[in-house]
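Have a look at the structure below, then the notes.
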Amino acid sequence: MFYLKKRIEISAAHSLMLDYKTKCERLHGHNWNIIVYCKSETLDENGMVVDFTHIKKKIVDQLDHQNLNEVLSEINPTSENIAKWICEQIPHCYKVTVQETADNEVSYEKDTL
Ligand SMILES: [Zn+2]
């Protein structure tokens with residue numbers, strides 16, 4: 001099995017609609033640290049699991065310097081939902097870690113590939 005780990009940093013804003021009162025419902029930003037984990041038993045014709053550059057481009061093009069409530073309008077953009085959404089975008093991805101700050105981090109992992 002081949003394992004790949006790609007770290008990406010983006011800047012983006014969000015506001016959260018929760019069922020309790022919170023400062024997070026006001027629009028605010030983070031410098032998000034995202035780690036994408038992929039695995040595959042076989043390599044593509046280029047000898048790769050997934051090209052690092054393609055992973056970065058896919059995430060940065062869609063999310064960097066964006067309002068996540070607008071670009072991910074189908075989800076409530078919590079770190080948990082963002083991690084799952086990213087995992088679904090990347091071929092061979094089985095896990096995504098999303099860090100809002102050094103102290104706040106979540107991971108999403110698929111049960112199986
Ligand atoms: Zn936030």
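The values are calculated or read from the model by the stated rules, or taken from the named source; none is laboratory data. All figures in this text were calculated on a predicted structure; none of them were measured in a lab. Neighbour counts run over all protein chains shown; Cβ positions are idealised from the backbone, glycine included.
Could you grab me the full set of residues in region 16-46 that are surrounded by 17 or more Cβ atoms within 10 Å (Cβ to Cβ) and either within 18 Å of Pro91 (Cβ to Cβ) or among the hydroxyl-bearing types (Ser, Thr, Tyr) (or both)?
Passing the criteria: Ile34, Ile35, Val36, Tyr37, Cys38, Ser40.
Mind telling me which of the residues Glu70, Glu80 ends up being part of a helix (DSSP H, G or I) and over 14 Å from the mean Cα position of the chain (by Cα)?
Checking each option against the conditions leaves just Glu70.
On the given criteria, is Val96 surrounded by fewer than 16 Cβ atoms within 10 Å (Cβ to Cβ), β-branched (Val, Ile, Thr) and away from the ligand (no atom under 13 Å from the Cβ)?
Here the answer is no, as Val96 does not meet what is asked.
Hey, Val96 hits all of (1) modelled with pLDDT under 95; (2) of a type in the set (A, V, I, L, M); (3) more than 19 Å from Gly29 (Cα to Cα) but one; which does it fall short on?
If we test Val96 against (1) modelled with pLDDT under 95; (2) of a type in the set (A, V, I, L, M); (3) more than 19 Å from Gly29 (Cα to Cα), just (1) comes out false.
Within the set of pairs 6+ apart or on separate chains, which have a first residue in region 99-113 that is acidic (Asp, Glu), a second that is at pLDDT 95 or above and loosely packed, with under 12 Cβ neighbours inside 10 Å, and C-beta atoms under 7 Å apart?
none
Just give me the residues in region 1-27 being part of a strand (DSSP E or B), more than 18 Å from the chain's Cα centre (by Cα) and closer than 23 Å to Val60 by Cα, in sequence order.
Hits for region 1-27: nothing passes.
Of the residues in region 18-40, how many are away from the ligand (no atom under 12 Å from the Cβ) and either within 12 Å of Thr78 (Cα to Cα) or of a type in the set (D, E, K, R) (or both)?
3
Which of the residues belonging to region 46-78 are touching a residue at least 40 places away in the same chain (Cβ under 8 Å) and within 15 Å of the ligand (Cβ to nearest atom)?
Listed by number, the residues that qualify are Leu63, Gln66, Asn67, Leu68, Asn69, Asn76, Pro77, Thr78.
Here are Ser79, Ser73: which of them is modelled with pLDDT of 95 or more and either among the polar types (S, T, N, Q) or at negative phi (or both)?
Within the list Ser79, Ser73, the selection yields Ser79.
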